[in-house]
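Peer 1: So that we are looking at the same thing, I have put the structure below in structure tokens.
Computed from the coordinates by the stated procedures, all read-outs in this text should not be read as laboratory data. The structure displayed is predicted, hence computed values, not measured ones. Glycine also receives a Cβ, built like all others from the backbone with ideal geometry; neighbour counts cover every protein chain displayed.
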Amino acid sequence: MTTPTREEPFEAHIADYLLEHGYVRAERYDTDRALDVGNLVKFLDETQADRLIQLEGLIGPGIEDAVVNRLTHQLKQRGSLDVLRRGWDDRGVHFDLAYFAPASGINPDVERMYRSNRISVMRQVPLGEGQSVDLALSINGVPVITAELKRQTAGQTLTDAIEQYRRRDPDLPLFRVAERAVVHFALDTDAVAMATTIRGHETHFLPFNRGRDGGAGNPDVPGRAKTSYLWEEVWSWDSLLDLMKRFVAIHGAPANNFREGKLIFPRYHQLEVVRKLEAHARSNGSGESYLIQHSAGSGKSNSIAWTAHRLHSLHDPNDERVFHTVVVVTDRRVLDRQIRDTIRGFEHTHGVIEAADRNSQQLADALERNVPIVITTLQKFPFVIDRIGLLPDRRYAVIVDEAHSSQTGDAAREMREALTVGGTRDQEGEIDVDEAIRRTMESAGTHENLSFFAFSATPKQKTLEMFGNRLEDGRHVPFHLYSMRQAIEEGFIMDVLQNYTTYQRYFELTKLVEDDPELTTKEGSRAIARFLELHPTNVAQKAEVMVEHFQHSVRRKINNRAKAMVVTSSRAAAVRYHAAIKKHIADEGYANIGVLVAFSGSIDDGTGVQATEAQLNGFGESELTDQFDKPENRILVVAEKYQTGFDQPLLHTMYVDKKLQGVNAVQTLSRLNRTHPAKSDTFVLDFVNTVDEIREAFQPFYETTELSEATDPNLLYDVRTNLMEFGVIWPDDLDRYAEAFFSDAAIGELESILDGAVSRYHQFAEDEEAQEDFKQLLDRYVRLYSFLTHVISFTDPELEKLYLFARALKPKIADRDGRDLLDLSDDVDLVAFRLEMTSEGDIELEPGTDTPLTPPTGLGPGSYEEFVVRLSELIDSINDRFGTDWDEVDWLVDEQRVRRIVADDAVIEAFRSNNSRDFRRLLADRYLDEVHNTRDRNEKVWLDTISTAGLLEAIIDYRTPEIERRIAGQKTTDELLASDESQHLEFKETFRWGLHQAKAVPGVEDSVIKTVAAFLNSGGGTLIIGVADRGEAVGLDADLNTFSSPDRDSLENWLYQKLETALGFNNSRLATLTFVGVDGVTIARIDVEPAPEEVWAKTSKDPEAFFVRHGNATKQLGGADAVGYIRDQWPSQ
């Protein structure tokens, strides 16, 4: 008889519930094929018997084995998602694997086919060798979901279920990525987590909880388990089919290799909001407004993509389309890619999505043609509203993604001009997009044919009042909420208030240490807060405080990669801070603390000279994000820029010398909240604002803001004394754990030391109050120590030993409601933390440790126009007119300028979004920049160009039509990354870094040489390096660090030397290298022009070889094949 303390009753309860609500039992499960064969055969017999008979006539007896074998092959080749949606063919006979509910017009036949699906549940699913997984849910015989269950009363929890999955063999058919199951759930009766990919100990689980009181976890459900929503709602019969049809997606997979993509399954709040929006719009039609308040870390891009897809096909109860067109307004290119990728997985219909981002006429045409989904930019939002007002007989859904206010230059000016309605700038002149959108809607009035869906992390009160739901008591609330607090507790963003302090509090702490002889600090530690009163304008004083704090408390964070931001009140203050910080760093002799500055326009630098950001930094504004990524650049001083919409995971500390209020305070401090595997905390030192002001600003979004007022470091000793009195933690535990921790002991050894304390904690099981008191003290000690070490350099080793132990013990005794439970990171976190705790001074950084990013998606092949210059005529004309003596070699320098300009994403975007006159003005500025950039390549050409009156203008006049022709078919780097590899496009991960050897390996560069040679011989193309095959940008750190001077110039010089040696000087100059910043990393783009004659390459293994492109691969030709190819490609030779 099963005892009530084991997990089988929980398993049986779930299975019985599903069987009572439409599921059937699995029949004849085939372990080797991972198929519920019995239900597969029944489904086909009931729905496609005629096709089975037809196939049997072709192959004879053994039809069942033939069908199962063919399906198994198709699942391995295409994955379960594609086969479920599109079926498979066998000897010309087509079989459907599932029938999904259509978006409209369900007739009796369609309803009957839909209800014929057989969704089965199986307990203790065998995996072989005596192993099994607790549950599997299958659609018509194909498993799509697995689950491991645990019960706290049996002494196991969600964490044990996760560890069980991490021990599974990822190569079993049931666990191979998307070949069968698309998601794996780990759960107990209090919390749920999910993973889409099983990768051993690298398996990453995400919380899948409803949220509790604005935070993580799940609410109590009278009479049922807190996690009952999973099987009663998410796994319900209709829901499971809907998930597989219209939610689950694979992003970034190359053709015919679904495993290389990123498998996407919605988190609970995403699933809930999309379905609620759809249901409300279906019932209420157009003319409604919805405010979706989802914090950073909520996955808004996917939520918007799913919402757009469902709204465009939505029909009301009378089977009428609710919306003719869905307009998505955003300035994030990644959202454009995600929407396209998501919908491409659901349907293969062309013309569902169009981007209307060039001009208003393009947008008007798309709206009038009823294009199902139109993606446009934020500055065109007022036009969208006006145009919809002129089309009252059509209905529209407008989805607005929150704006990213970090835009600069022309894009920012366009946005301000388009969105500003009667003064919507803040006190510094920044565009207030939230307010602008509200006023645009307000001025346009109510449109019955328009529903408005606004996604925002930090809506202002007026926006909430206009678009939120009004309650009976007069309060306005968002239609759906995923709070900042929940995102923090679930581990998707950092808590930026955890270590927030004002300067007054900071001074008091350091003063207490200085005055208290019993508090020992590190010998020689500088009194960095020595100024009791800071003069409001004494920048030098504050700069000293900032630099000394950074040097002693910040720089070793995040594996010695931590960065800081200084937020100033004005452009003039930014310039002064930039100079003062650099001066103090130089005076003290601190190495490798590069300081950058960001502000708009020009400003007097205090000496009467006008200074610009580009002049002070030594590079253009557009490069700042990439430059700040470099390890040597550690501090960024900002004024009116980069306080919003700036994602830098290595940003750890913020120094605030600006009054912050309301949403602006939240957005500014939230620049610190991006997570990184080695980032365990953040720090804010505020010179201007008060704790109460920041608390008030965060309260509406954070819900339970906690800003400690503690100012006495002796509190740490008091908390330690009270904590140790419980007897849960023994002094011997601390010594053993510290010794193991710092000697790189295995994870298992550390866990065994913690287990003793866990056992002693559970001895208080009948005294819940004592347990709660202990947990609160433990949490308080961890938080207090973490904060104080940003201010005070303790040398008492016992304090640090307790901190190490307490930090590891916290998640092991966490509440079972899921609030603290889901610290589900793998061993990398511990290793990173260990490095942080043991590092001192400068440590050479290891490349390739950035957080992996979602890979770009494929949008198909591309090409570009060729334009051949009559070189001799042009050079003669220039020499005759301006008295120069240029030859063809000199002109090659200008040709290189043109190629770099044509490959510049900013130039391509400017061409698309400006009229011809404005584009030529922008092009002139860009051309001048390139003239200066190429000075070192040909001093004579540079000097002639800038000193000869009219020469530069003449060259630009001549070049502009050519540049416009080339750009007309050119793709931006983002668009190329969103494409599949083709005859004219290839991705490579490194130039010369051996991925397996983890070092520079001679001969690796042959791959680059072969590809460039092949493009030269095959009509040209683009090679992008620093990118994995599936389009994921991984960066060039590994390659750069192989040079004694790890910078772009070293890499560029090395590449051209290699190409010149391998291909010859003239051919090497047909390849143009540019560096591009993508998703926080730098990648290289090599645009290759077609060669005028065949090109033979010299590699490390072959002194003369001929390469061409064949499809998306590079192929070497020899003998008659090479001769024939050359004759056909260059017939005039």
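Peer 1: Can you give me the long-range amide H partners of residue 502? Hydrogens built in the peptide plane at 1.01 Å from N, cutoff under 5 Å, separation of 5 or more residues or another chain.
Peer 2: Here the answer is 686, since their amide H atoms fall under 5 Å of that of residue 502.
Peer 1: Any idea what the relative contact order of the range 72-214 is, in percent, if you count C-alpha pairs under 8 Å spaced at least 6 apart?
Peer 2: Computed over the range 72-214, the figure is 17 percent.
Peer 1: Excluding same-chain pairs closer than 8 in sequence, count the lysine pairs in the range 8-248 whose Cα atoms lie under 28 Å apart.
Peer 2: So the count of such lysine pairs works out to 5.
Peer 1: Next question. For the range 987-992, take each phi angle, set θ = phi - 60°, evaluate the Karplus expression 6.51 cos²θ - 1.76 cosθ + 1.60, and give the result in whole Hz per residue in order, putting x for glycine and proline.
Peer 2: Once rounded to whole Hz, the list reads 10, 9, 7, 9, 7, 9.
Peer 1: Here is a follow-up. Sort 877-887, 1001-1011 by the packing proxy (mean of other Cβ within 10 Å over each peptide's residues), most packed first.
Peer 2: Highest mean packing first, the order is 1001-1011, 877-887.
Peer 1: Would you list which lysines come within 29 Å of residue 659, measuring only between C-alpha atoms, while excluding same-chain residues fewer than 8 positions from it?
Peer 2: 460, 462, 511, 542, 557, 563, 582, 583, 641, 679
Peer 1: Follow-up question, since we're still on this one. Less than 11 Å Cβ to Cβ from residue 539, Lys/Arg counted +1 and Asp/Glu -1: what total charge do the surrounding residues give?
Peer 2: Surrounding charge for residue 539 is +1.
Peer 1: Another question, then. Scan around residue 597 for amide H atoms under 5 Å from its own, H built in the peptide plane at 1.01 Å from N, and keep only partners 5 or more places away or cross-chain.
Peer 2: Correct list: 637.
Peer 1: Between the range 1060-1089 and the range 1010-1053, what is the C-alpha centre distance in whole Å?
Peer 2: That distance is 7 Å.
Peer 1: Summing +1 for each Lys or Arg and -1 for each Asp or Glu, what net charge is found among the other residues whose Cβ lies under 10 Å from the Cβ of residue 735?
Peer 2: -2
Peer 1: So what's Rg/Rh here for the range 8-248, counting alpha carbon atoms and using the Kirkwood radius for Rh?
Peer 2: Result for the range 8-248 is an Rg/Rh of 0.98.
Peer 1: Counting only residues 5 or more places away or on other chains, whose amide H sits under 5 Å from the amide H of residue 565 once H atoms are built in the peptide plane?
Peer 2: 636, 653, 654, 655
Peer 1: Where Lys and Arg each count +1 and Asp and Glu each count -1, what net charge lies around residue 59 among other residues with Cβ under 14 Å from its Cβ?
Peer 2: -2
Peer 1: Let me check the size of the range 975-1129 from its C-alpha atoms; what are the radius of gyration and Dmax in Å?
Peer 2: Using the Cα atoms of the range 975-1129, the pair Rg, Dmax is 15.0, 47 Å.
Peer 1: Now for a separate question. What are the ³J(HN,Hα) values, in whole Hz, obtained from phi via the Karplus relation 6.51 cos²θ - 1.76 cosθ + 1.60 with θ = phi - 60°, for each residue of the range 798-809 in sequence order, with x given for Gly and Pro?
Peer 2: The phi angles translate into 5, 5, 5, 4, 5, 4, 4, 5, 5, 4, 7, 6 Hz.
Peer 1: From the phi of every residue in the range 1078-1087, what ³J(HN,Hα) in whole Hz does the Karplus formula 6.51 cos²θ - 1.76 cosθ + 1.60 yield, where θ is phi - 60° and glycine or proline is x?
Peer 2: Computed from phi, the couplings for the range 1078-1087 are 9, 6, x, 10, 9, 10, 10, 10, 10, 8 Hz.
Peer 1: For the range 170-193 and the range 49-73, what is the centre-to-centre distance using only Cα atoms, to the nearest Å?
Peer 2: Their Cα centres are 30 Å away from one another.
Peer 1: Starting at 0 and stepping by 10 Å, how many percent of the alpha carbon pairs of the range 1-83 end up in each bin?
Peer 2: All Cα pairs considered, the percentages come to 14, 34, 30, 14, 6, 1.
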